[in-house]
């Protein structure tokens, strides 16, 4: 295969998936976050009978509806790409992805779709309690959808519960529960959902602050800020806790991603967490002696504590993971890239021999080759890699996205605390500077939300499935011109959708609530 | 139905038509299906792709 063409096809296919996933992720967090907020507001209406809470809930429901209508089905675009741009991957993981995505469609989406019609159109047709139940069911449906998608993504990061069948070339699910409730999936779910809650809260506070700036609908704005601020503060604290959980899981299962997140090239015991740092652009090779940092401020021992629950634990750096030889948590010695690649190549050779044996009817030989594949399957992906650098993700991108995301997370804890303080002292309505900060903080929330996914997905490169399948083996042999064409088509289509969303939403916000 | 509802429904319907009637059939065919004669050959095709892309070719 033409190496240059393949590299271009891989990059464009990755770029297309990133583009469409990024656009999809503009709509989803607001759906998840606003769903909870509007449910809380409607609950207050039903409990207090205060019509103003009903009007408040209805306004945010309209905003939810705009976002939902424009965002709905944007995720299906990603599935289109599986079948065309990522056909090898699609067959390889079909048995694993099929179950969670089917459950997502049948259970979660139908739950959402059924109750959403009652929520939007049933205000005068059903009782208060039935309507409230419907609103919470929509929230539950949306959240369940997120869970099953994240189960699929979690399996990519840490493949378990399967056996590879060289006859069907599929990873066949042998333990549904191992996949469905993997620690990675559970942690990813909490971190992703709470970050969406935080975004929803930031959005509500920001938009409400715009009304305060304009001195319009101030009662509505202050009610909305009251709920969203408390919800936001709780959310960002939960984000921090689940983020800690993420660091722990990543340390155990994807040490190279952690090393990239922290710009850690040489491992150490009692490793500190970089709070702020500037990477040295002169660091070009993972194994040169150039200092990776121009400067950094570290919190001593925190990386070891977060990663291994032991302040003096050894945290491997990029060079250690490539060279191997350090002691793992289970007491065994880490393999080097070369050793992993040897095992991967053994598996690949056995796969070729298996194919030959099967075609010649030599079933006993085929069974023996299958055993060799299974014994070396954990390193199957390394057999596609040529050199050490192939197993290293983009460190600057992963590092900066991670640190920006964490910085913004810390900012929002402070932000919501400050807004809550001024709101409780009834000083917020006159604090114009804070209102403007709140408005522009919406952008920060969206950026942090996107950057989190960049960390998760760029940090796992070159893998589509950790250690098992790198991107260059996963991609189809589709001509790169086709991928470029659809990339441009998607860029245009999604931009139109985004412009429509922003236009319609701004119009509705300017119109204001029915107060 | 309010003007907003109508607008959103129109956007949803147009979006779904574009996605399923234009993008999927024209730009996103099932690649594997196009490379094989029937379902049973898909595994063989992917196996050959994996073997071809393996770096053990460069070892020999």
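Laboratory data are not the source of any read-out in this text; all were calculated from the coordinates shown. Just so it is clear, the structure is predicted and the values come from calculations on it, not from any experiment. Don't worry about glycine lacking a Cβ; one is built from the backbone with ideal geometry, like all the others, and counts go over all protein chains shown.
With q set to 0.24 Å⁻¹, the log10 of I(q)/I(0) for region A:260-323, from the Debye formula over equal scatterers at the Cα positions, is -1.03. Shown here are the Rg and Dmax of the Cα trace of region A:337-388, at 11.5, 38 Å.
Taking the Kirkwood radius as Rh and the Cα radius of gyration as Rg, region A:423-515 has a ratio of Rg/Rh equal to 1.18. Rounded to the nearest 500, the helix-only mean residue ellipticity at 222 nm of chain A stands at -24000 deg cm²/dmol, with each DSSP H run of n ≥ 4 adding -39,500 (n - 2.57). Take the convex hull of the alpha carbons in region A:28-170; its mean projected area over all directions comes to 9.7 nm². Region A:267-303 and region A:79-109 have Cα centres separated by 38 Å.
Taking only the Cα atoms of region A:1-72, the ratio Rg/Rh comes out at 1.39, with Rh defined as the Kirkwood radius. Here is the size of the protein assembly as shown from its Cα atoms: Rg then Dmax, 25.4, 83 Å. Here the contact order of region A:260-323, divided by its residue count and restricted to Cα pairs under 8 Å and six or more residues apart, works out to 45 percent. Computed over Cα pairs, the Kirkwood radius of region A:75-124 leads via Stokes-Einstein (0.890 mPa s, 25 °C) to a diffusion coefficient of 192 µm² per second.
On a 0 to 90° scale, report how tilted helix A:395-424 is relative to the longest principal axis of chain A, with both axes built from alpha carbons and the result rounded to the nearest 10. With both axes taken from Cα atoms, the answer is about 20 degrees.
Find the relative contact order for chain A and round it to a whole percent, using C-alpha pairs within less than 8 Å whose residues are 6+ positions apart.
Contact order relative to length: 21 percent.
Ranked by the mean number of other Cβ atoms within 10 Å per residue, highest first, peptides A:388-395, A:428-435 order as A:388-395, A:428-435. Under the simplified labelling scheme, the residue B:17-residue A:450 pair shows an inter-label distance of 3.0 nm, with each label point 7 Å from Cα along Cα→Cβ.
Considering only C-alpha atoms, what is the centroid distance from region A:346-391 to region A:412-446, in Å? Region A:346-391 and region A:412-446 have Cα centres separated by 58 Å.
Note on chain B: Rg/Rh from C-alpha atoms, Kirkwood Rh, equals 1.38. Estimated purely from DSSP H runs of n ≥ 4, each contributing -39500 (n - 2.57), the mean residue ellipticity at 222 nm for chain B is -16000 deg cm²/dmol once divided by its residues. The mean number of Cβ atoms from other chains found within 10 Å of a Cβ in peptide B:18-25 is 3, as a whole number. Cα convex hull, region A:363-437: 176 Å³ per residue, rounded to a whole number.
Relative to the compact-globule scaling 2.2 N^0.38 Å, provide the ratio for the alpha-carbon radius of gyration of region A:112-195.
So the Cα radius of gyration is 1.52 times the expected 2.2 N^0.38 Å.
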